[in-house]
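The values are calculated or read from the model by the stated rules, or taken from the named source; none is laboratory data. Given the structure is predicted, the values throughout are model-derived calculations rather than measurements. Note that each Cβ is placed from the backbone with ideal geometry, even for glycine, and that neighbours are counted across all protein chains shown. Protein only, heavy atoms only, side chains kept; ligands, DNA and RNA dropped before computing areas. Shrake-Rupley method; radii C 1.70, N 1.55, O 1.52, S 1.80 Å.
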Amino acid sequence: MAPVRDPNTLSNYDQWRTRHITANLKVDFTDKCLRGSVVLELESQTDKASSEIILDSSYVSVSSIKLNSTPSQWEVKARTGPNGSPVHVSVPNGAGKGEVVKLEIELATTEKCTALQWLTPAQTSNKKAPFMFSQCQAIHARSIFPCQDTPDVKSTYDFHIRSPYVVVASGVPVPDATEAAGEDKVYKFEQKVPIPAYLFALASGDIASARIGRCSSVATGPNELKASQWELQDDMDKFLDAAEKIVFPYQWGEYNVLVLPPSFPYGGMENPIFTFATPTIISGDRQNIDVIAHELAHSWSGNLVTSCSWEHFWLNEGWTVYLERRILAAVHKNDAYFDFSAIIGWKHLEEAIEEFGADHEYTKLCISHKGIDPDDAFSTVPYEKGFHFVYSLDRLVGRENFDKFIPHYFGKWKNKSLDSYDFKDTFLEFFGAPEYAGLKDKLAEIDWEGRFFNTGLPPKPEFDTSLVDVCFQLANKWKQKDFSPSQSDTSSWTGNQVLVFLNVVQGFEEPLTVEQSQTMGKVYGLADSQNVELKSAYYQIAMKAKDTDSYPRVAELLGDVGRMKFVRTLFRTLNKVDRELAVKTFEKNRDFYHPICRMMVEKDLGLAEEKSA
Ligand code: BES
Ligand code: ZN
C-alpha cells in the first residue's frame with residue numbers, strides 16, 4: 001500500500017477513499033452555524049479489511065455517526081497541531097477491497113469554524129438579510145464536516161441545503177419539484193465531476209444574478225448586480241474561448257462568478273461552477289478582471305488536474321498563472337501582455353524572496369509541509385516560481401511543441417491528483433516520443449531536483465519590456481525632486497501599468513518626500529481611486545514617505561476591504577510607521593475580517609504570541 005502522500009491530513013486515505021458525499025445542511029443564521037448530516041461513501045482500498053476509518057475534523061461538533069445505517073463506535077481525538085482533531089470510526093467487521101460503506105455523520109459547525117464567515121444584515125450593503133460564505137482551501141473543509149481533507153482524494157457531491165435565502169454551491173443547480181413548506185427552501189446542486197474537499201463551497205444571502213456569457217452568470221447583492229455585470233460581460237466568453245483553445249473544451253457545464261461582500265479574504269477562489277470573487281475586482285474600469293481569467297484557468301489546472309498535497313501546490317497555481325497569461329495574451333492579441341504580467345509577477349517574486357530570506361524553505365518550489373499550516377506557507381512563490389518553471393519548459397521545447405503537450409497533460413491527469421515527479425515523468429515521456437528526438441540533449445539538461453528544491457530566485461528569462469518601459473521612465477522622473485507631474489502622465493495607461501510604476505516607486509531607496517507623495521496622490525487620482533489595487537499601492541508609498549495625513553485614510557481603507565493581499569500588506573507597513581494605530585484598527589475591524597484573515601493579521605502584528613503568552 002502506498003503511504004499517505006499528504007502531510008496535512010490525518011485521514012487513512014491509503015485504506016479508504018471517499019467516492020461520494022451528500023451534504024444535507026441547514027443554514028442556521030440565528031445560531032450562525034451549519035447543521036445537519038453529511039453522508040460519506042467510502043471505498044475500501046485494501047484486502048486486509050481495514051477496521052477503522054480516520055477522518056479529518058477541526059472544531060466541528062459531531063453528535064452521532066452511523067455506519068451503514070447502524071449506530072457506530074466513534075471518537076473525536078484531541079487536536080494535534082494545524083491538522084486538527086482526527087475522528088476515528090470503527091468498522092467492526094472490516095471491509096474487503098472495493099467494498100463501499102456509508103457513514104452518516106450528524107453535525108453542527110461551531111463558533112471556532114475557520115471556513116465560514118457570518119455577516120449580520122448590518123454588515124451587508126443593502127442591510128436587508130444576513131449573509132454567509134465558505135472558504136475551504138487549503139485545509140478548512142474539515143471545520144465544516146469530518147472528511148478526507150486532502151487534495152489527493154476526489155469525490156462527487158450532492159448538496160441539499162436548506163436556507164431562508166438564496167444558496168450558491170460548487171455544483172450545478174438541480175431544479176427542485178418539491179417546494180419545501182415553511183420559511184426555508186431546499187436548494188439542490190450536484191457535482192458529477194469528482195472534486196477534492198477543498199473545492200466544497202457554499203454561500204447564502206440576498207443574492208441576485210444576471211447573464212455575462214454563453215454559459216455564465218454573475219451573482220451578487222442586488223445593489224451590486226448591474227456594476228458586476230458590466231465589469232465582466234465583455235470578456236467572459238473571450239476568456240472561455242481562449243482557454244478552450246489552449247487546453248480543451250470546458251468540462252463543468254456552467255462557469256459562474258459570485259461576487260462576495262468586501263470581507264472575502266482572497267482575490268478569487270476557483271470553486272467549481274461558481275468562482276468566488278472579491279468585490280474589489282468590480283472597480284468600474286474593467287482593469288482587475290485578470291482574476292477571472294486566473295480562476296477560470298483553474299477549471300483545468302487545479303480543479304480537473306490537482307496537486308496531491310499542498311507541497312506540490314505549484315502544480316495548481318504555477319500552471320494556472322501560466323494559462324492566465326496565455327489567455328490574456330490571446331484576448332489582447334498581443335504577446336507583450338504575457339510578458340507584462342510576467343514582469344509584474346517577477347517583481348512580486350523578488351519581494352517575497354527578500355522578505356523570507358533567500359535560503360528559506362518557503363522559497364522552494366516544493367515546500368515541505370510536515371507540521372506546517374498551509375496558510376502559513378502561502379505566498380506568491382508557488383505562483384511565480386511555478387509559472388517560471390512551466391514557462392522555462394515552454395521555451396525549452398518551443399511553443400509549437402509545448403502547445404501539443406498542454407492538452408496531453410491535462411487529458412492524462414484529468415480527474416486525478418499528482419505530484420511533481422508524476423509531472424516530470426509525464427513531460428519526459430511525452431517528449432521522449434521519436435518525433436521529438438531532436439530535443440533529447442535539451443531535455444537531459446533540465447535540473448529537475450534543482451528546480452523543485454532550490455531556494456531563492458529561479459533563472460530570470462528575457463522579457464519583452466515594450467509595455468513596461470514607459471512605467472520605468474516615469475518612475476525615473478520621480479527620482480528628481482523638481483519633477484512636476486501632470487495627469488496626462490498616466491491617463492492613457494492600463495491599471496496594471498500604473499501599478500508597475502507604483503511598484504517601482506515603492507522600491508526607491510530614498511522614499512518620496514511628504515509633499516511629493518501627496519502630489520502624486522492628487523495629480524494621478526490615486527488617493528481617491530475606486531481601484532483598491534492602485535489605492536493600496538499608493539498608500540504604501542505614502543506611508544513610506546511618512547505622510548502622517550495618510551495614516552487615518554489607510555485605517556479607513558482597512559475597514560472597507562478584507563482581501564488579505566491588501567489587508568496584510570497595509571497592516572505590515574502601518575505597523576512599522578504607527579503600531580498603535582495598526583493595533584487599534586485591527587481590534588476595531590476584528591469582526592469584519594474573515595477568520596482566516598483575522599488569524600493571519602494577528603500573527604503578522606505579533607498579537608497571536610502576546611495572546612498565548
Ligand atoms: N486558489 C487561490 C486562492 C487560495 C489559495 C485560497 C490558497 C486559499 C489557499 C486562487 O486561485 C488565487 O490564486 N487567487 C488569487 C488571484 C490572483 C493570482 C489572480 C488571489 O486571491 O489573489
Ligand atoms: Zn489560483
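For every residue, the table says whether it meets (1) touching a His at 6+ places or on another chain (Cβ under 9 Å); (2) surrounded by 24 or more Cβ atoms within 10 Å (Cβ to Cβ).
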{"site": "LYS238", "(1), (2)": "no, no"}
{"site": "GLY253", "(1), (2)": "no, no"}
{"site": "PHE264", "(1), (2)": "yes, yes"}
{"site": "GLY267", "(1), (2)": "yes, no"}
{"site": "SER283", "(1), (2)": "no, no"}
{"site": "GLN287", "(1), (2)": "no, no"}
{"site": "SER301", "(1), (2)": "no, yes"}
{"site": "SER309", "(1), (2)": "yes, no"}
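Yes or no: the stretch 380-391 includes at least one residue that is open to solvent by 10 Å² or more (accessible area, probe 1.4 Å) and over 22 Å from LYS460 (Cβ atoms).
No: zero hits.
All but one of (1) within 16 Å of ligand 2 (Cβ to nearest atom); (2) in the same structural domain as PHE427 (by TED's automatic domain parsing); (3) of a type in the set (A, V, I, L, M) hold for ILE343; which doesn't?
The one condition ILE343 does not meet is (1).
Checking MET543 against (1) more than 30 Å from SER134 (Cα to Cα); (2) open to solvent by 10 Å² or more (accessible area, probe 1.4 Å); (3) in a helix (DSSP H, G or I); (4) in contact (Cβ under 8 Å) with a residue 24 or more places away in the chain, which test does it fail?
(2)
Yes or no: THR30 open to solvent by 70 Å² or more (accessible area, probe 1.4 Å) and polar (S, T, N, Q)?
Numbers: open to solvent by 70 Å² or more (accessible area, probe 1.4 Å): yes; polar (S, T, N, Q): yes.
Spelling it out, THR30 is indeed open to solvent by 70 Å² or more (accessible area, probe 1.4 Å) and polar (S, T, N, Q).
How do the strands (runs of 3 or more DSSP E) wholly within the stretch 61-125 filter down when requiring 1 or more residues that are under 18 Å from THR30 (Cβ atoms): which remain? So that I can check it myself, show each step before the final result.
On the way: elements: 74-76, 87-90, 100-109, 116-119.
Correct list: 100-109, 116-119.
Do we have any residue at all in the stretch 312-321 that's touching a strand residue (DSSP E or B) at 6+ places or on another chain (Cβ under 9 Å), assigned by TED's automatic domain parsing to the domain that holds PRO374, over 30 Å from ARG590 (Cβ atoms) and small (Gly, Ala, Ser)?
There is at least one residue in the stretch 312-321 that is touching a strand residue (DSSP E or B) at 6+ places or on another chain (Cβ under 9 Å), assigned by TED's automatic domain parsing to the domain that holds PRO374, over 30 Å from ARG590 (Cβ atoms) and small (Gly, Ala, Ser).
Does the stretch 176-193 include one or more residues that are among the small types (Gly, Ala, Ser) and at pLDDT 95 or above? Show your work before the answer.
So the first thing to find is which residues in the stretch 176-193 are among the small types (Gly, Ala, Ser), and the list is 177, 180-182.
Cutting the leftovers down to at pLDDT 95 or above gives us none.
Checked against the condition, which is being among the small types (Gly, Ala, Ser) and at pLDDT 95 or above, the stretch 176-193 yields no hits at all.
Here are some residues: LEU557, LEU605. Which one is farther than 23 Å from ILE282 by Cα and open to solvent by less than 40 Å² (accessible area, probe 1.4 Å)? If you could, list the steps in order and put the result at the bottom.
On the way: LEU557 fails: farther than 23 Å from ILE282 by Cα.
Every option except LEU605 fails the conditions.
Only one of (1) touching a residue at least 60 places away in the same chain (Cβ under 8 Å); (2) open to solvent by 10 Å² or more (accessible area, probe 1.4 Å); (3) farther than 30 Å from PHE378 by Cα; (4) under 27 Å from the mean Cα position of the chain (by Cα) fails for ALA129. Which number is that?
It is condition (2) that ALA129 fails.
Consider ARG5 carefully, then state whether it is closer than 22 Å to SER85 by Cβ and not in a strand (DSSP E or B). Before the answer, list the steps.
On the way: closer than 22 Å to SER85 by Cβ: yes; not in a strand (DSSP E or B): yes.
Yes: the conditions hold for ARG5.
Please indicate, with yes or no, whether at least one residue in the stretch 146-168 is modelled with pLDDT of 95 or more and within 16 Å of ligand 2 (Cβ to nearest atom). Steps first, answer last, please.
Taking the stretch 146-168 first, the residues modelled with pLDDT of 95 or more are 146-168.
Then keep just the ones that are within 16 Å of ligand 2 (Cβ to nearest atom); that gives 151.
Yes: one or more hits.
Take VAL91 and tell me if it is farther than 30 Å from ARG563 by Cα, open to solvent by 30 Å² or more (accessible area, probe 1.4 Å) and of a type outside the set (D, E, K, R).
Working: farther than 30 Å from ARG563 by Cα: yes; open to solvent by 30 Å² or more (accessible area, probe 1.4 Å): no; of a type outside the set (D, E, K, R): yes.
In short, no.
With the structure loaded, tell me whether HIS360 is modelled with pLDDT of 95 or more and of a type outside the set (Phe, Trp, Tyr) or whether it fails that test.
Working: modelled with pLDDT of 95 or more: yes; of a type outside the set (Phe, Trp, Tyr): yes.
Yes: the conditions hold for HIS360.
Return the residues of the stretch 412-459 that are part of a loop (DSSP other than H, G, I, E, B) and farther than 30 Å from HIS348 by Cβ; say none if nothing qualifies.
Selection gives LYS414, ASN415, PHE431, GLY432, ALA433.
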